[in-house]
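Student: Here it is, the structure in full.
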Amino acid sequence: MSKLTAPRGTFDILPEQASVRAGLERLARELLESAGYGRIETPSFEATELFARGVGEATDIVQKEMYSFDDGGGRSLTLRPEGTAPVCRAYVQYGMHKLPAPVRLYYISSFFRAERPQAGRYRQFWQLGIEALGSDDPALDAETIVLLATILGRLGVGGVRLRLSSLGSPATRSAYREELAAYLRANAERLAPVVRERIELNPLRAFDSDDPGTREVMAGAPRLLERLEAADAEHFACVRDLLGRAGVEYEIDPTLVRGLDYYTRTLFEFTSDALGAQSGVAGGGRYDGLVEQLGGPPTPGIGWAAGIERIMLASGEHPLAAAPVDLYVAFEAARADAFETLTAAREAGLAAQMELAGRSLKGQLRQAERLGARFFALVEGESVLLRDLRDGTEETVERGALLDRLVAA
Ligand code: HAM
């Protein structure tokens, strides 16, 4: 029979990686919860319409990267490609606007995008993300960015760069889109065909192009940052000032483009030199119109998401030491007595393991050492030969007295 493997662009999380992830998640959870963020987890699939409306019809994600399917009842569902639209959907659904603002939420979830797989780019991947809703205070923008910088720093993500920009209000943005589209049309013959085709659909993506002709045209293109209204420019100046006070370094990048349509005002991306072509570790921004677009009351919001696999790649995965083993229970004939000892030890809170692979006595001792066990107990009926594997000392104890002896140690 042929061997089956996991689908292309997916991966299995095996115990060793699971322990690295657990460490990463623990650190993020502690930091975020102490900053007032509460965990939210939404379903793995949603109505397709949520992403069409939330993420934007014109985005690559909605146009070609969604795993959508009919649920058998004529409804189109989609495996979530991102978390912001679902969290905003939940915010509206549960009337969270009635909670004291800002409502601070975080998630550690898997997402699905039908992208071309390569190093650091998968079809199912995990994100650590936060969303803070109900306040447009620039200090909230700064808070979220500082938290992200802290988390990436503590996790040892190397060569990090923060690029920062502002998109202004939707009105500024759509006026700017028109201006940019007109500029692109006027220079259409120098643009790459794919960029030319997308002038009307998404002119901003032209800043993303690697094509030399397009890059030349874009160097002279009008910049959104120069078109911001006074209130938006002031908001952005305040965010920059606060980041400076927190000691977070950043570069202003007026060409920063992100592949989601909901962004307004502050926009940012963290990249890492330690990654290859897929250098984006984390990205986010403000989305002051999204909740309303999903049927809720006008509600400002800001958030980010960091790719967990990319964090692990960029921090050079340091597998944590395996959990310590207190006791290894060995036996030759007394399987039932050994099993009783095992369950009693676990009941008493010890990390205990028992021989289950039919090893010889010598093999059992070797296995105990391999696991880094502190004690090796050879159970022979009512008597136990106990060896302290740290110093090699041995003693014989009554089986009934074994746990007291171990707990005392
Ligand atoms: P995003 O930039 O699409 O933003 O994704 C955030 C991060 O997820 C990326 O920086 C990257 O680390 C990781 N990522 C994305 N796609 C893949 C993939 N195919 N394979 C591996 N990792 C990937 C968002 O998703 C927004 N929802 C972020 C946000 C939250 N904005 C506001 N709030």
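The values are calculated or read from the model by the stated rules, or taken from the named source; none is laboratory data. Keep in mind it's a predicted model, so treat the numbers as computed, not measured. So basically every Cβ, Gly included, is an ideal-geometry build from the backbone, and we count neighbours across all protein chains shown. Calculation scope for accessible area: heavy atoms of the full protein, side chains included, ligands and nucleic acids excluded. Shrake-Rupley method; radii C 1.70, N 1.55, O 1.52, S 1.80 Å.
Student: What whole number of Å gives the distance from the Cα centroid of the stretch 87-149 to the Cα centroid of the stretch 206-222?
Tutor: The stretch 206-222 and the stretch 87-149 have Cα centres separated by 31 Å.
Student: Sticking with this structure for a sec: Could you check what % of the DSSP bridge pairs in the stretch 327-408 are antiparallel, to the nearest 5?
Tutor: The antiparallel fraction comes to roughly 60 percent.
Student: 5 Å is the cut-off here: which amide hydrogens, built 1.01 Å from N in the peptide plane, fall below it relative to G301, excluding neighbours closer than 5 in sequence?
Tutor: Result for G301 returns G134, Y287, D288.
Student: Rounded, prolate or oblate: pick one for the stretch 327-408, where a ≥ b ≥ c are the square roots of the eigenvalues of its C-alpha gyration tensor, a/c under 1.5 means rounded, and failing that, prolate if a/b is larger than b/c, else oblate.
Tutor: Rounded, since a/c falls under 1.5.
Student: Another question, if that's okay. Within a Cβ distance under 12 Å of R75, other residues only, what is the Lys/Arg minus Asp/Glu net charge?
Tutor: -4
Student: Say we join alpha carbon atoms closer than 10 Å with springs in a Gaussian network model of the chain; which of A305, A377, A206 then has the biggest fluctuation?
Tutor: It is A377.
Student: Simple spin-label model, 7 Å along Cα-to-Cβ: E347 to R370 in nm?
Tutor: Computed distance between label sites E347 and R370 equals 3.0 nm.
Student: So if R0 is 35 Å, what FRET efficiency would S383 and L14 give, r being the distance between their Cβ atoms, rounded to the nearest 0.05?
Tutor: It comes to 0.35.
Student: So what is the calculated 222 nm ellipticity per residue for the chain, using -39500 (n - 2.57) for each DSSP H run with n of 4 or more, over all residues, to the nearest 500 deg cm²/dmol? Don't skip to the end; give the middle numbers.
Tutor: Values: 14 runs with 146 residues, N = 409.
Mean residue ellipticity, 222 nm, calculated: -10500 deg cm²/dmol.
Student: Starting from the 7 Å offset along Cα-to-Cβ, what nm value, one decimal, do you get for the label separation of A22 and E332?
Tutor: My value for the distance between the label points is 3.6 nm.
Student: I would also like to ask the following. Can you work out the accessible area per residue across the chain, with the rest of the protein chains kept in place, probe 1.4 Å, in square angstrom?
Tutor: Numbers: 19750 Å² over 409 residues.
It amounts to 48 Å² per residue over the chain.
Student: Non-local amide H neighbours of A334 (under 5 Å, H modeled in plane, Pro and chain starts lacking H): which ones?
Tutor: Residues meeting the amide H criterion: G381.
Student: Can you give me the % of accessible surface on the chain that is carbon or sulfur? Probe 1.4 Å, all protein chains present, nothing else counted.
Tutor: Summing carbon and sulfur atoms, their accessible area is 51 percent of the total for the chain.
Student: Pick from G168, G392, G280: which is most flexible by mean-square fluctuation in a GNM of the chain where alpha carbon atoms under 10 Å apart are linked?
Tutor: G392
Student: Apply 1/(1 + (r/R0)^6) to the Cβ-Cβ distance of S174 and E30, taking R0 = 45 Å, and write down the FRET efficiency to the nearest 0.05.
Tutor: Step by step, r from the Cβ atoms, then E = 0.60.
Student: When Rg is the radius of gyration of the Cα atoms in the chain and Rh is its Kirkwood radius, what does Rg/Rh come to?
Tutor: 1.12
Student: Further question on the same structure: If the elastic network links every pair of Cα atoms under 10 Å, which of L275, L167, L371 fluctuates the most in the Gaussian network model of the chain?
Tutor: Greatest mean-square fluctuation among the candidates belongs to L371.
Student: Could I ask something else about it? For the stretch 159-275, give the magnitude of the charge dipole about the Cα centre (Cβ charges: +1 Lys/Arg, -1 Asp/Glu; no others), in debye to the nearest 20.
Tutor: The dipole magnitude comes to about 100 debye.
Student: Which GluC sites (Glu not before Pro) does the stretch 175-241 hold that lie in a coil by DSSP with at most 13 other beta carbons within 10 Å?
Tutor: Sites meeting the loop and neighbour criteria: E200, E229.
Student: State, as an integer percentage, the relative contact order of the chain based on alpha-carbon contacts under 8 Å between residues 6 or more apart.
Tutor: 16 percent
Student: Could you check how many percent of all C-alpha pairs in the stretch 147-195 are farther apart than 18 Å?
Tutor: Numbers: 704 of 1176 pairs.
Cα-Cα pairs of the stretch 147-195 separated by over 18 Å account for 60 percent.
Student: While we're here: Which of the GluC sites (Glu not before Pro) across the stretch 269-368 are loop residues per DSSP, with 13 or fewer other Cβ within 10 Å?
Tutor: Here the sparse-neighbourhood loop sites are E332.
Student: Over all Cα pairs of the stretch 25-108, how is the pair count split among 10 Å bins, expressed in % and running from 0 up to the last occupied bin?
Tutor: Percent of Cα pairs in each bin: 16, 39, 31, 13, 1.
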